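Here the structure is laid out as structure tokens; the discussion comes afterwards.
The values are calculated or read from the model by the stated rules, or taken from the named source; none is laboratory data. Predicted model only: the values in this text are computed from it and were never measured. A quick note on method: Cβ atoms are made from the backbone with ideal geometry, for glycine too, and the neighbour counts reach across all protein chains shown. Note: accessible area is taken over every heavy atom of the protein model, side chains too, but ligands, DNA and RNA are not part of it. Shrake-Rupley method; radii C 1.70, N 1.55, O 1.52, S 1.80 Å.
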Amino acid sequence: MAGGRKASILHLLFFFLLFSSSALSAKRTLRSRQPCKNLVLYFHDIIYNGRNSANATAAIVGAPVWANRTILAGLNHFGDVVVFDDPITLDNNLNSDPVGRAQGIYIYDNKEIFNAWLAFTFVLNSTDYKGTINFVGADPLMNKTRDISVVGGTGDFFMARGIATLMTDAFEGEVYFRLRTEIKLYECY
């Protein structure tokens, strides 16, 4: 009886080691996967400030009681909700031919630090790419680079999944900023 118990324990230990080593090798495989598609795009955001309606691409649509809709609120812009329809270019020049539009919202969601939450879509319509890429995630603006999730897409990016690394490429007061967006897709169909 004691020998049978030892054999059962040894069998159980053997299976545990076998499954844990295969799980570890599967985890290593996932980490070393290469993206199936890489893109670098820039989007240019020009916030309406009450005087620039001709070229504004974003507007404050929600603001705290102490703020208004043409000037971002104090306290790290906490409570401001901004919608945007920004041009996307292949380089960092605002006057380059756009390859699409970045459309969505960002919400300044923290009083203590400069932080936003993003939900937007790249609507691409160029000779190279047609379709959409959808993004969502937190944007800790004071970090040099930050990652947000690619959660889907259409057309050339049908059901895409991956990571977008954002970097503030230019910043001019509270009216204009440009984001460099490096997109790495790990699921491409």
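Figure legend. Inter-residue proximity from region 57-86: first residues more than 14 Å from residue 174 (Cα to Cα), second residues at pLDDT below 80 and not hydrophobic (A, V, I, L, M, F, W, C), beta-carbon distance below 6 Å, spacing 6+ or different chains. Indicated pairs: 63/69. Only one of the listed residues (104, 100) is more than 14 Å from residue 183 (Cβ to Cβ), modelled with pLDDT of 95 or more and in contact with a strand residue (DSSP E or B) (Cβ under 9 Å, 6 or more places away or on another chain). That residue is 104. I need the full set of residues from region 170-189 which are part of a strand (DSSP E or B) and open to solvent by 50 Å² or more (accessible area, probe 1.4 Å), in order please. 171, 172, 180, 182, 184, 186, 187, listed by residue number.
Can you say whether residue 31 is of a type in the set (Lys, Arg), loosely packed, with under 10 Cβ neighbours inside 10 Å and at pLDDT below 65, as far as the supplied structure shows? Yes: the conditions hold for residue 31.
If only residues of region 100-145 that are more than 15 Å from residue 42 (Cα to Cα) and of a type in the set (D, E, K, R) are counted, the one that is surrounded by the most Cβ atoms within 10 Å (Cβ to Cβ) is 139. Apart from one condition, residue 155 fits all of (1) open to solvent by less than 70 Å² (accessible area, probe 1.4 Å); (2) closer than 29 Å to residue 50 by Cα; the exception is (2).
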